[in-house]
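As structure tokens, the structure follows; a few thoughts come after it.
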Amino acid sequence: MKFLAGIAAILPSVSLAQPAKPTMKAIVLHEYGGPEVLKYEDVPRPKPKEDQILARRVIAAGVNPVDGMIRSGMFAKDEKTAFPRILGADIAGVVEKTGSKITKFKAGDAVYAYISLDNEGGYAEYALATENEASPKPKSLDYVEAAAVPVVALTAWQALIDTAKLSAGETVLIHGGSGGVGTFAIQIAKGRGAKVIATASTANQDLLKQLGADVAIDYTKTKFEDIAKDVDVVLDSVGKDTLARSYGVMKKGGFIVSLVARPDQAELAKRGLRGASLSAEPNSNELAEIGNLIDEKKIRVIVSQTFPLSEARKAHEQVATGHTRGKIVLKVADEPK
Ligand SMILES: NC(=O)c1ccc[n+]([C@@H]2O[C@H](COP(=O)([O-])OP(=O)(O)OC[C@H]3O[C@@H](n4cnc5c(N)ncnc54)[C@H](OP(=O)(O)O)[C@@H]3O)[C@@H](O)[C@H]2O)c1
């Protein structure tokens, strides 16, 4: 592709020369498998459709555990997406071009977005997003920090506020408080005036406290049920035994939201609890609201590691440990001056 582009450039007056199709660097998936199936390649640049789609120059792309699940084929039987495909739901970048129905954005705007999992495409120099997926990038963040926000912050917001309706004075137990979702969940819950109990391993106890947790529990040393009592809301991002043991620490009428499993209906009924599993969705209004809280310094963004786009494989290996502190972000291009 590069070779043909070069020919067109040195022979501009030859009428038969086809204009070179614009390409971009991307991490491309041609098959399901381990991190080694993530290939750094040149691919055609996507074009914005007229119907409310934006094209943007991606500066940074967040990496989420779900990216690894898709890569490994965990959802293969339910997926309609064909290979080759580009993963990546979290992006921060600059709008390059807009479709004819776009009214909220124009070329040059700094944006961040949660691209729906059916479309994705964030591990690339250019990606597409709809108006409901994108919001103005928080001004106080650089692009790497901004790319760490959308999926996990919206997940925490939709779990605590939209689903569990967490309110001031309530007690919330946040499992996995040091991870992508958890770091936002602690801060969102504190912002609502809740009392926050959060769990993480020994190395992350300091982080839980810095983010505002009232009580930090080291799950490697202490059973959370020995400390957490009369909890109104549980946010579960761990599942299995952690979910099963959580019912017992809750107040009657309390709400448990799981990101990874379906709460047991029989347990809920027996104990007079409510519960739901959540599948977070893009929401530009909520993303804008989260952006305002970030710019007001009410929410901090924790990025523990960055990798160049070409090293997405290493980023996936880290995320697969299940012990990421804050977020991992791919740097796709230099921050604009
Ligand atoms: N349903 C949805 O819409 C949705 C959306 C986003 C995420 N998720 C899922 O939610 C989970 C968390 O996502 P994430 O992005 O926050 O992941 P992450 O960034 O990898 O964070 C995972 C965190 O869990 C902590 N952890 C591991 N084992 C634990 C245990 N037994 N008890 C308490 N904490 C434990 C780790 O802390 P230590 O390192 O200190 O152990 C780590 O900070 C993933 O499975 C993800 O797929 C679902």
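Throughout, read-outs are computed from the coordinates displayed, never taken from laboratory work. None of these values were measured; they are calculated from a predicted model. All Cβ positions, glycine included, derive from the backbone under ideal geometry; neighbour counts span all protein chains shown.
Data overview
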| read-out | value |
| --- | --- |
| Gyration tensor verdict on segment 144-210 (Cα atoms; rounded if a/c is under 1.5, prolate if a/b is larger than b/c, oblate otherwise) | oblate |
| Amide N proximity, segment 32-48 versus Ala76 label position 7 Å along Cα-to-Cβ, cut-off under 12 Å | 32-34 |
| Of the DSSP H helices in the chain, those whose Cα atoms cover at least 15 Å axially and whose Kyte score averages 0.0 or more | 180-191 |
| Of every Cα-Cα pair in segment 72-140, the percent that sits beyond 14 Å | 60 percent |
| Least to most buried among Tyr219, Tyr114, Tyr32 (fewest other Cβ within 10 Å first) | Tyr32, Tyr219, Tyr114 |
| Helix-only mean residue ellipticity at 222 nm for the chain, each DSSP H run of n ≥ 4 adding -39500 (n - 2.57), per residue, nearest 500 | -6500 deg cm²/dmol |
| The chain: equivalent-ellipsoid semi-axes (sqrt of 5 x gyration tensor eigenvalues, Cα, Å) | 40, 20, 18 |
| Compactness index (Cα Rg / 2.2 N^0.38 Å), segment 175-285 | 1.03 |
| Inter-centroid distance (Cα atoms) of segment 114-154 relative to segment 311-330, Å | 17 Å |
| Computed FRET value (nearest 0.05) for Ser201 with Ala261, which takes r as the C-beta separation and R₀ as 22 Å | 0.60 |
| Total charge dipole magnitude, segment 152-277, about the Cα centre, Cβ charges on Lys, Arg, Asp, Glu only, Debye to nearest 20 | 240 debye |
| Cα centre as origin, Lys/Arg/Asp/Glu Cβ charges: the chain dipole, Debye | 160 debye |
| Among beta bridges that DSSP assigns inside the chain, antiparallel share in %, nearest 5 | 60 percent |
| Extension gain, Ala168 back to Ser140 (0.36 nm per residue minus Cα-Cα distance, nm) | 7.4 nm |
